[in-house]
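Chemist: So that we are looking at the same thing, I have put the structure below in structure tokens.
The values are calculated or read from the model by the stated rules, or taken from the named source; none is laboratory data. All values derive from a computational prediction rather than experimental measurement. A quick note on method: Cβ atoms are made from the backbone with ideal geometry, for glycine too, and the neighbour counts reach across all protein chains shown. Surface areas here come from the heavy atoms of the whole protein model, side chains and all, with no ligands, DNA or RNA. Shrake-Rupley method; radii C 1.70, N 1.55, O 1.52, S 1.80 Å.
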Amino acid sequence: MPALIDVHNLDFSFGSGELTQPVLKNVTISINKGEVVLMTGPSGSGKTTFLTIIGGLRQASNGSVKVLDQQLINSTEQVKVKVRQQTGYIFQQHNLLKPLTALQNVSMTLEMHNHMTERERLTQAADMLKAVGLGDRLNYKPEQLSGGQRQRVSIARALVGKPRIVLADEPTASLDKQSGQDAVGILKQLAKELGTTILLVTHDYRILDIADRVVELEDGMIQNA
Amino acid sequence: MTYLYFPARLAWRQLVHDRTKLIAAIFGVLFACVLVFMQLGFKDSLYASAASAPSRLSGDLFLMHKQSEAMWRPVNFKRSELMRTLGHPAVAQVSPLYIALAPFKNIETEVKRTLMVYGFNPDAQLFDINNVRNMHGELQLKDTVLFDEYSRPEFGPIRQLLEAGQNVTEINDYKLKIIGTFQLGVSFAADGNVVTSDLNFMRIFPNKKPGDIELGVIKLHPGASIKQVQAELSSLLNEFVNIFTFEELLEYEKLYWSNTAPIGFIFGFGTVMGLVVGLVIVYQILFTDIANYRNEFATLKAMGYQHGYFIRVVFASAFFLAILGFIPGYILSLGLYHLAESQIFMPMPMSFSKVTTVFFFILSMCATASFLAIRKLKDANPADMF
């Protein structure tokens with residue numbers, strides 16, 4: 001099976017000159033289509049930096065990072081935008097737009113795809129919200145929803161565009177155990193149905209069981225690739 | 001269409017979400033709008049009223065002393081200078097116009113207030129005002145004047161007094177009779193106007209010499225080229241007199257108020273200040289909106305939204321604020337214009353060109369605020385989100 005994410009000898013550091021702070025050292029990892037990979041490790045180990053490079057949010061210049069067959073090392077903005085548009089994101093904070101309803105928030109992802117009509121967008125967004133168990137909360141604004149519900153809306157937002165990759169950064173950190181497990185459970189189930197690859201960074205050892213593979217990052221180096 | 005529609009829709013949803021902030025922003029734009037409308041209104045009114053008397057003059061060419069700054073503060077010159085122009089074959093008729101400010105005694109209160117007195121031979125028909133034309137015969141009589149009923153009310157309700165038979169008053173301490181009214185309008189220079197014959201003018205101002213005139217009005221034979229005659233006459237005349245066409249005279253009056261008097265500058269300054277205040281308010285609103293939605297915008301960027309989309313969101317917000325502030329601002333200004341017309345007797349027309357000018361100002365103000373605010377969008381960096 002071809003690797004969707006293929007990283008070779010990636011080095012990355014912050015700062016320059018004497019203040020150079022290496023964050024990622026010689027990272028090599030490849031993730032296949034449909035795989036659910038959990039990346040764990042202590043704070044400061046470089047997990048989040050790694051995620052931002054894979055997602056095309058941060059420019060790296062040493063090594064090779066191929067995502068969806070695009071080389072991201074020293075890439076142009078267009079290449080990165082192209083990768084981002086095929087990537088779903090879930091953050092620790094839900095980051096939903098407060099003025100918009102759940103339905104409108106989810107539908108924002110689809111507004112980037114010009115070929116759809118408004119009706120198609122709203123139908124797909126509503127279907128996705130139903131899939132995450134919020135079929136009865138379509139027209140609620142974020143502040144009318146609980147923390148777990150909000151995170152499920154952001155999962156719906158990440159998945160509705162049928163992305164090939166979902167990147168998640170501590171998606172359960174602000175949730176209690178039950179909502180956290182529900183949220184990642186839904187995430188995994190839907191991702192499997194859509195054949196989406198998931199790279200999830202977490203401290204939360206309660207959710208390790210959803211992973212096909214667990215990777216540990218320490219001091220910028222992969223311990224058990 | 002979606003290029004503008006989606007960001008505009010998001011901008012709209014953001015605006016209506018926070019009603020308090022929206023209302024504050026609308027008031028900011030409204031304030032600027034009203035201020036600009038009033039400043040421009042007063043300025044135009046000033047120019048219009050300053051030119052109200054000359055614009056009703058009936059003549060083709062006008063002589064004025066070069067030292068005259070404006071018609072209301074004229075320097076006189078010799079009548080013989082005007083008479084010399086009769087030598088030109090195209091000149092049909094010449095008439096002197098005498099102008100002076102004088103205290104007018106209110107018939108009821110006996111309080112004296114200064115107004116403008118115009119004196120000329122009534123048969124010459126120098127003013128293109130109906131009642132002045134019609135009453136030229138009566139004006140020939142000794143000690144008679146016509147009163148401008150659009151003068152400020154401090155001169156007394158002359159029309160009603162005339163109807164009641166009270167028509168005797170004093171101008172420059174000279175007793176005379178008001179035999180009727182006409183309609184001209186006040187200006188910044190004069191609170192009121194009366195017209196009288198040249199002979200009565202000399203009676204009101206006993207020290208005045210008939211040979212010293214303030215303005216010379218020349219009428220040409222029909223078909224004569226005004227520009228050509230003007231050029232030929234100016235070589236004939238002494239260098240200390242200006243010879244103006246009708247349009248040049250109006251322009252000269254207007255220029256006095258916009259340049260020589262600091263009034264043009266004052267109103268221009270007021271306009272700019274109104275726009276600056278509005279700019280700061282709109283900028284503040286846009287800026288805090290971007291700051292509040294920083295994380296949300298960064299998330300959308302991570303999902304593939306490009307920077308330009310958010311720039312369009314900001315500009316769309318500014319556009320909506322401009323529209324939402326302009327409409328009530330326009331309505332309020334319309335009311336204030338009517339109030340000004342009825343209370344201070346200044347002509348304040350709400351012309352279409354003024355409406356478009358102010359709208360353009362408000363739009364530019366909001367666009368400038370957007371340009372300043374979009375720099376804040378750089379803070380919405382998805383790499384800092386994780």
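Chemist: Taking the protein assembly as shown on its own, what percent of its Cα-Cα pair distances exceed 48 Å?
Modeler: On the way: 83769 of 186355 pairs.
Tail of the P(r) past 48 Å holds 45 percent of the pairs.
Chemist: Let me know the mean shielding of B:294-300 by other chains, meaning the per-residue number of their Cβ atoms within 10 Å of its Cβ.
Modeler: Values: counts 1, 5, 11, 2, 4, 12, 8.
For peptide B:294-300, the averaged partner shielding equals 6.
Chemist: Which residue, A:A173, A:A102, A:A156, has the most motion in a Gaussian network model of chain A that connects Cα atoms within less than 10 Å?
Modeler: A:A173
Chemist: Could you sort out which of A:K47/A:K130; B:K78/B:K175; A:K33/A:K177; A:K82/A:K162; A:K98/B:K378; B:K43/B:K177 sit more than 26 Å apart by Cα distance in this structure?
Modeler: Values: A:K47/A:K130 32 Å; B:K78/B:K175 28 Å; A:K33/A:K177 28 Å; A:K82/A:K162 14 Å; A:K98/B:K378 21 Å; B:K43/B:K177 36 Å.
Result: A:K47/A:K130; B:K78/B:K175; A:K33/A:K177; B:K43/B:K177 exceed 26 Å.
Chemist: Evaluate peptide B:214-224: per residue, the Cβ atoms of other protein chains within 10 Å of its Cβ; return the mean as an integer. Display every interim value, and only then the final one.
Modeler: Working: counts 0, 0, 0, 0, 0, 0, 0, 0, 0, 0, 0.
Rounded to a whole number, the mean comes out at 0.
Chemist: Between A:M112, A:M128, A:M39, which gets the highest mean-square fluctuation from a Gaussian network model of chain A, Cα cutoff 10 Å?
Modeler: Answer for the Gaussian network model of chain A: A:M112.
Chemist: Quick one: plug the Kirkwood hydrodynamic radius of region A:46-85 (C-alpha pairs) into Stokes-Einstein at 20 °C, 1.002 mPa s, and report D in µm²/s.
Modeler: Translational diffusion coefficient: 217 µm²/s.
Chemist: So, one more: In what sequence, highest mean first, do B:27-36, A:7-16 appear when ranked by Cβ atoms within 10 angstrom? The partial results should precede the final answer.
Modeler: On the way: B:27-36: 23.1, A:7-16: 15.8.
Per-residue mean Cβ counts within 10 Å order the peptides as B:27-36, A:7-16.
Chemist: To the nearest 100 Å², how much accessible surface do chains B and A cover up together, summed over both, with a 1.4 Å probe?
Modeler: On the way: alone 18510 and 10890 Å², together 26820 Å².
Summing both chains' loss of accessible area gives about 2600 Å².
Chemist: Then there's this: How much of the DSSP bridge set in region A:3-222 is antiparallel, in percent, rounded to the nearest 5? Mind dumping the intermediate values first?
Modeler: Working: 17 of 34 bridges.
The antiparallel proportion sits near 50 percent.
Chemist: Counting DSSP beta bridges with both partners in the protein assembly as shown, what percentage is antiparallel, nearest 5? Present the calculation step by step, with values, prior to reporting the outcome.
Modeler: Values: 51 of 78 bridges.
Antiparallel: roughly 65 percent of the beta bridges in the protein assembly as shown.
Chemist: If we count every other residue with Cβ under 14 angstrom of B:Q306's Cβ, Lys/Arg +1 and Asp/Glu -1, where does the sum land?
Modeler: Details: positive: A:K80, A:K82, A:R84, B:K301, B:R312, B:K378; negative: A:E77, A:E111.
Its environment carries a net charge of +4.
Chemist: Using the heavy atoms of the protein chains and a 1.4 angstrom probe, tell me the accessible area per residue for the protein assembly as shown in square angstrom. If you can, show how the numbers build up before the last one.
Modeler: Numbers: 26820 Å² over 611 residues.
Value returned for the protein assembly as shown: 44 Å² of accessible area per residue.
Chemist: Please give the length that would be gained between B:Q284 and B:I331 if that part of the chain were fully extended, namely 0.36 nm times their separation in residues minus their C-alpha to C-alpha distance (nm, one decimal). Provide the component values of the computation, followed by the final result.
Modeler: Values: separation 47, 0.36 × 47 = 16.92 nm, distance 2.51 nm.
My answer for the length gained is 14.4 nm.
Chemist: If you line up the long axis of helix B:2-17 against the longest principal axis of chain B, both from Cα atoms, how many degrees apart are they, to the nearest 10?
Modeler: 90
Chemist: According to a simple spin-label model (label point 7 Å from Cα along Cα-to-Cβ), what is the distance in nm between B:S55 and B:M350?
Modeler: My value for the distance between the label points is 2.0 nm.
Chemist: Once ligands and nucleic acids are excluded and a 1.4 Å probe is used, how much of B:S342 is accessible, expressed in Å² to the nearest 10?
Modeler: About 60 Å², ignoring ligands and nucleic acids.
Chemist: Short version: ³J(HN,Hα) in whole Hz for each residue of region A:74-84, in order, from phi by Karplus 6.51 cos²θ - 1.76 cosθ + 1.60 (θ = phi - 60°), x for Gly and Pro, what are they?
Modeler: The phi angles translate into 6, 8, 7, 4, 4, 4, 5, 4, 4, 5, 4 Hz.
Chemist: Moving on to the next point. For region A:3-222, what Kirkwood radius comes out of the mean inverse Cα-Cα distance, in Å?
Modeler: Taking the inverse mean of 1/r over all distinct Cα pairs, region A:3-222 comes out at 17.8 Å.
Chemist: Suppose R0 equals 41 Å. What FRET efficiency, 1/(1 + (r/R0)^6) with r the Cβ-Cβ distance, do B:T357 and B:D384 give to the nearest 0.05? The partial results should precede the final answer.
Modeler: On the way: r = 44 Å, r/R0 = 1.07.
Result of the calculation: an efficiency of 0.40.
Chemist: With each pseudo-label sitting 7 Å past Cα toward Cβ, what's the A:K66-B:I311 distance in nm, one decimal?
Modeler: With each label point 7 Å from Cα toward Cβ, the separation is 3.5 nm.
Chemist: How would you rank A:129-135, B:213-219, highest first, on the average number of other Cβ atoms within 10 Å across their residues?
Modeler: Values: A:129-135: 18.9, B:213-219: 23.9.
Output ranking for A:129-135, B:213-219: B:213-219, A:129-135.
Chemist: Quantify how strongly other chains surround peptide A:89-99 by giving the mean number of their Cβ atoms within 10 Å of each of its Cβ atoms.
Modeler: On the way: counts 10, 1, 7, 2, 4, 3, 10, 3, 9, 7, 11.
Average neighbour count from other chains, rounded to a whole number: 6.
Chemist: In nm², what is the average projected area of the convex hull enclosing the Cα atoms of chain B?
Modeler: Hull-based average projected area comes out at 25.8 nm².
Chemist: Okay, moving on. How far is the Cα center of region A:33-68 from the Cα center of region A:127-200, in Å?
Modeler: Using only Cα atoms, the two centres lie 21 Å from each other.
Chemist: Here is a further query. For region A:159-165, take each phi angle, set θ = phi - 60°, evaluate the Karplus expression 6.51 cos²θ - 1.76 cosθ + 1.60, and give the result in whole Hz per residue in order, putting x for glycine and proline.
Modeler: Going residue by residue, I get 9, 5, x, 6, x, 8, 9 Hz, with x marking Gly and Pro.
Chemist: Compare B:E69, A:E111 by solvent-accessible area with a 1.4 Å probe and give them largest first, with all protein chains kept in place.
Modeler: On the way: B:E69 70, A:E111 10 Å².
Order by accessible area, largest first: B:E69, A:E111.
Chemist: Report the antiparallel proportion of the DSSP beta bridges in chain B as a percent, rounded to a multiple of 5.
Modeler: Working: 34 of 44 bridges.
Around 75 percent of the beta bridges assigned by DSSP in chain B are antiparallel ones.
Chemist: While we're on this one: Quote the FRET efficiency, to the nearest 0.05, computed for A:M116 versus A:R206 with a Förster distance R0 of 41 Å and r equal to the Cβ-Cβ distance.
Modeler: On the way: r = 38 Å, r/R0 = 0.92.
Once rounded, the FRET efficiency stands at 0.65.
Chemist: Right, next: In degrees from 0 to 90, rounded to the nearest 10, what is the angle of the helix B:307-343 Cα long axis to the longest principal axis of chain B?
Modeler: It is inclined by approximately 30 degrees.
Chemist: For an R0 of 25 angstrom, estimate the FRET efficiency from the Cβ-Cβ distance between B:N238 and B:K112 and round to the nearest 0.05.
Modeler: For R0 = 25 Å, the calculated efficiency reads 0.10.
Chemist: Relative to a virtual label point 7 Å from the Cα of A:L194 in the Cα→beta-carbon direction, which members of region B:294-337 show backbone nitrogen distances below 16 Å?
Modeler: B:300, B:302-305
Chemist: Using alpha-carbon positions, what is the distance between the centroids of region B:65-143 and region B:167-202, in Å?
Modeler: A separation of 11 Å, based on Cα centres.
Chemist: With the full set of protein chains in place, find how many percent of the accessible area of region A:59-119 is carbon and sulfur; take the probe as 1.4 Å. Could you put the intermediate results ahead of the total?
Modeler: On the way: 1150 of 2630 Å².
Ligands and nucleic acids excluded, carbon and sulfur give 44 percent.
Chemist: Summing -39500 (n - 2.57) over the DSSP H runs of n ≥ 4 in chain B and dividing by its residue number, what mean residue ellipticity at 222 nm do you reach, to the nearest 500 deg cm²/dmol?
Modeler: One gets -16500 deg cm²/dmol as the mean residue ellipticity at 222 nm.
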